[in-house]
Every structure is written in structure tokens, then in C-alpha cells.
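The values are calculated or read from the model by the stated rules, or taken from the named source; none is laboratory data. Just so it is clear, the structure is predicted and the values come from calculations on it, not from any experiment. Heads up, the Cβs are rebuilt from the backbone with ideal geometry, glycines too, and the neighbour counts pull from every protein chain shown. We work out accessible area using only protein heavy atoms, side chains counted, and drop any ligands, DNA or RNA first. Shrake-Rupley method; radii C 1.70, N 1.55, O 1.52, S 1.80 Å.
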Amino acid sequence: YRSRRIIFARRPVWRCRGCHRKDFSVAVKTIGIIMNGVTGRMGTNQHLIRSILAIREQGGLPLPGGDVLLPDPILLGRSEHKLRALAAAHGLTRWSTSLDDCLRNPGDTIYFDAQITGERAEAVRAAIRAGKHIYCEKPVAADLHTALDLARRAEAAGVRHGVVQDKLFLPGMIKLRRLVESGFFGRILSVRGEFGYWVFEGDWQAAQRPSWNYRQEVGGGIIVDMLCHWRYVLDNVIAPVRSVMCRGANHIPQRVDEQGQPYAATADDAAYATFELDGGIVAQINSSWCVRVYRDELFVLQVDGTHGSAVAGLRDCKTQHRVNTPKPVWNPDVPNPIDFYAGWQAVPDNRPMPNAFKAQWELFLQHVVCDTPFPWTLREGAKGVQLAELGLQSWGERRWLDVPDLPA
């Protein structure tokens with residue numbers, strides 16, 4: 001593969017006492033990563049601090065052959081002030097405001113993009129032309145045509161490529177998938193999901209999401225944002241999505257931006273979607289930035305089957321088998337005698353579950369260096385963009401739409 005330049009170093013010789021093995025040393029491979037857009041909340045916290053810097057702090061990523069891979073990030077963005085401050089806060093020395101300069105450095109072999117959606121495609125194309133391996137946040141693009149174009153360019157260039165699909169690596173989703181694969185549910189009947197929280201309007205209390213999220217003209221909107229997630233969650237945990245019917249809403253049409261200025265919130269801030277999956281499974285997922293939370297976590301997914309049910313959140317997953325299912329009777333004239341929460345059991349962790357973003361970063365780094373499998377490609381990311389487009393079309397036309405296979 002082009003642009004795979006890795007710096008080798010040697011750790012001090014480790015002497016094995018008490019046996020007759022020969023001395024040996026472990027090779028430390030340093031790989032440069034261009035991290036574009038990491039001054040934002042998600043980029044800073046999840047990708048830089050809790051993924052790349054966490055890998056460095058643990059001494060690097062152990063590789064299958066016994067060597068260690070040490071990521072060496074260079075921070076890229078538009079604000080010199082933010083980049084300088086972020087680098088200084090974490091003991092980093094490499095940062096830049098020039099994409100072209102970063103792409104010219106042969107030592108930086110991976111390009112990562114966490115910019116706003118509308119800025120992503122042009123930068124990813126440039127990185128592909130420079131022979132960099134590509135890893136980026138979702139949505140990979142604002143429309144399916146562009147998303148497929150990026151996938152085709154990466155495939156033709158022969159570079160490694162991947163898309164962040166973090167929810168697959170959350171403890172709650174890992175446990176839920178374990179239940180599906182074990183046959184716990186019997187025949188799965190339905191899926192119900194609730195995601196969201198109240199995002200303040202920005203007037204009397206600052207908003208906890210950036211204002212561009214609420215501007216349709218720059219790629220904002222919860223349908224574009226969240227249906228990409230629901231595509232890979234449903235496809236990989238439950239069953240492939242075959243059709244969609246979606247109703248969006250613009251519940252709060254005016255908000256206040258980071259400078260304290262009112263602006264027209266032109267994008268959808270809530271989405272109410274129903275999906276048909278393989279096997280006749282019906283999935284309903286509500287996504288909203290205009291809902292006050294009365295549930296265990298910000299995202300909860302319930303799966304019901306003939307033999308049992310499960311409720312999974314970001315970290316926890318609880319089950320109820322059919323032999324433990326109570327038998328309620330509808331009677332509004334007397335107090336409810338059943339504690340419905342008491343009949344559910346927690347699924348144990350059973351193994352360490354690291355930060356979801358870090359877990360996928362480690363798999364991608366191994367994919368680049370060791371040619372290990374990595375199925376979450378730009379083409380998989382395009383499937384999420386496809387479902388979001390169909391969701392917007394369904395809302396506009398007020399009808400069900402089938403989800404076709406992606407073109408080659």
C-alpha cells in the first residue's frame with residue numbers, strides 16, 4: 001500500500017532471569033496520524049484524549065507479532081489558537097493549520113477527519129490523492145452520491161479506509177449482540193429505541209451542541225446525524241434494514257448561537273422512524289434533541305422475542321426470559337400489584353470493555369499495519385448516508401421506501 005511508512009525503534013533488551021532463553025527486544029513502530037477537526041468536543045474527548053492519547057499512555061498498541069505500535073498525532077484545524085492550546089494541554093508538539101502541508105509529510109500515513117459533515121468530502125478526497133489511509137467520523141458525506149464517490153476513490157487507490165461506528169463497541173450493544181447470537185430471543189418480533197435529551201435553546205442557558213447541528217444548509221439535522229447510527233446498529237446487531245418510514249420535525253425553529261445571536265434553526269431536531277428488517281422484524285426508533293429524559297440512559301434499545309426480551313443502553317443490558325415474565329391484567333380501578341422492573345436480570349460484563357472509540361481505533365490501526373480484517377469501510381458508511389437520505393425522502397413524500405442494495 002502506498003504511504004505506509006512506519007518508523008522502527010528498539011526498546012532496551014529485556015533479560016529473562018531464571019531460564020536459558022536468549023535476550024530479545026521489542027520493536028516499537030511509530031505511525032503518524034493527521035487528526036483534522038479534533039478541537040471539537042467529540043474529536044477532543046473521544047478521539048484524541050480517550051483513544052489516541054490513551055493508546056500512547058498505555059505504552060502503545062500490542063501487535064499480533066509481539067511488537068508495539070505507537071501513534072504519533074498531528075493536530076489539524078483552522079484555529080491556530082485552539083490547536084496550540086490543545087497541543088500544549090496534552091504535551092503534544094505537532095499541529096498545523098495547513099492540510100496540504102500535512103498531506104505532504106510521508107511519515108503521516110493515516111488521515112482522520114472529524115470536521116463538520118459539509119467540510120469532510122473535499123479533505124478526504126485530497127487525502128486519498130496523497131495516498132493516505134482514511135478513517136473518518138460519520139456521516140461520511142452529506143449525500144449518498146458523494147459518500148459512494150469517496151468509497152470508490154479509496155478502493156481504486158488501494159488505501160485502507162474506515163468509518164467510525166462507535167455504538168457497535170459499546171458494552172450495552174456488545175451484550176445485546178451476544179444475546180442475539182446465542183438465540184436467547186427465539187424469534188425476534190420487534191425493536192423499540194429511544195434516543196435523545198433536551199438541548200438548550202441557547203438563550204437563558206448555553207446549548208450543549210454546536211449551532212451548525214440545527215442549520216440544514218451546512219449539513220445539520222438529526223435525521224442525517226442519527227439514521228446513520230441506526231443503520232449500522234440494526235444491520236449488525238439485529239438484522240438488515242429493508243425499508244423505512246420516517247417523520248421529521250422542526251420543533252424549535254429559533255435558537256441562539258455561540259456568539260449569543262439568534263438564528264433560524266432550519267434543520268430537523270427530532271425524527272420518528274419505523275424500519276422493516278429481515279425476518280419481518282419491525283423496529284421503531286425515536287431520536288430527539290427536544291425530549292427530557294425519563295429512562296436509564298440517553299439511548300435505550302428494547303428487543304422483544306418469543307422466548308425473551310432485553311433492554312440495552314450504552315453500558316448495561318437487562319433481560320427477561322419467558323419463564324420470568326409476569327402475567328399482568330389490565331385493571332385501572334386498583335393499584336398495579338406488579339413491580340415490572342424487578343423481573344429483569346443484568347447481563348454480566350464477562351470481559352473488559354474499553355472505550356468504544358478506542359476499541360475501534362485499535363482495530364483500524366491493526367488493519368493498516370497488520371492487514372487484519374476491518375469490515376467498517378467507507379462503503380459501510382455510505383449505507384448510513386443512504387438510509388438518512390431515504391428518511392428525508394420518506395418524510396417529504398409521506399410514504400414507505402424500500403432500501404436498495406448499494407450500487408458497485
How high is the relative contact order of the range 283-360, in percent, with contacts defined as C-alpha pairs under 8 Å that are six or more residues apart?
20
For a quick protection proxy, order the peptides 296-306, 27-37, 334-344 by their average other-Cβ count within 10 Å, most packed first.
27-37, 296-306, 334-344
Once R0 is set to 51 Å, what does the formula 1/(1 + (r/R0)^6) return for the Cβ-Cβ distance between ARG129 and ARG322, expressed as a FRET efficiency to the nearest 0.05?
0.35
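Under the rule a/c < 1.5 gives rounded, and otherwise a/b versus b/c splits prolate from oblate, where does the range 282-408 land using the Cα gyration tensor? All intermediate terms of the calculation are to be shown ahead of the outcome.
Details: a/c = 2.45, a/b = 1.42, b/c = 1.73.
Oblate is the answer for the range 282-408, as a/c is 1.5 or above yet b/c matches or exceeds a/b.
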Spin-label point model (7 Å from Cα, Cβ direction): what's the ARG247 to ALA346 distance in nm?
3.8
Can you run phi through the Karplus equation (6.51, -1.76, 1.60; θ = phi - 60°) for the range 320-335 and list ³J(HN,Hα) in whole Hz, with x for Gly and Pro?
9, 7, 5, 6, 9, 7, x, 10, x, 10, 5, 8, x, 8, 10, x
Taking the range 95-208 as the region of interest, what is the percent of Cα-Cα pairs per 5 angstrom bin, listed from the shortest bin to the one with the maximum distance?
2, 9, 14, 15, 13, 11, 13, 12, 8, 3, 1, 0
If you average the sequence gap of Cα pairs under 8 Å that are 6 or more apart and divide by the length of the range 273-408, what percent do you get for the contact order?
11
Which peptide among 131-143, 161-173, 353-365, 280-292 comes first, and what is the full order, when sorted by highest mean count of other Cβ atoms within 10 Å?
131-143, 161-173, 353-365, 280-292
Share of accessible surface on carbon and sulfur in the range 290-408, whole %, 1.4 Å probe and ligands ignored, is 54
The answer for the per residue Cα convex hull volume of the chain, in Å³, is 192
Rolling a 1.4 Å sphere over the protein heavy atoms, what is the accessible area per residue of the chain, to the nearest Å²?
49
Counting only backbone N atoms under 16 Å from a point 7 Å out along Cα-to-Cβ of SER79, the residues of the range 27-42 in range are 36-42
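Need one number for the range 234-337: average projected area of the convex hull over its C-alpha atoms, nm².
Value for the range 234-337: 10.8 nm².
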log10 of Debye I(q)/I(0), alpha-carbon scatterers only, for the range 218-290 at 0.19, 0.25 Å⁻¹:
-0.77, -1.09
For the chain, size of Cβ-based charge dipole, Lys and Arg +1, Asp and Glu -1, in debye:
1660
Which of the pairs LYS29/LYS167; LYS82/LYS318; LYS318/LYS383; LYS327/LYS383; LYS82/LYS138 have their Cα atoms more than 32 Å apart in this structure?
LYS82/LYS318; LYS327/LYS383
Assuming R0 = 56 Å, what is the FRET efficiency of THR30 and ASP339, from their Cβ-Cβ distance, to the nearest 0.05?
0.50
Pick from VAL368, VAL244, VAL199 the residue whose mean-square fluctuation is largest in a GNM of the chain, springs joining Cα atoms under 10 Å.
VAL199
Using a 1.4 Å probe on the protein heavy atoms, what percent of the accessible area of the range 84-236 belongs to carbon and sulfur?
50
So how do 371-378, 222-229 stack up, highest first, on mean other-Cβ count within 10 Å?
222-229, 371-378
If one computes the Cα centroid of the range 240-297 and of the range 178-201, what distance in Å separates the two points?
16
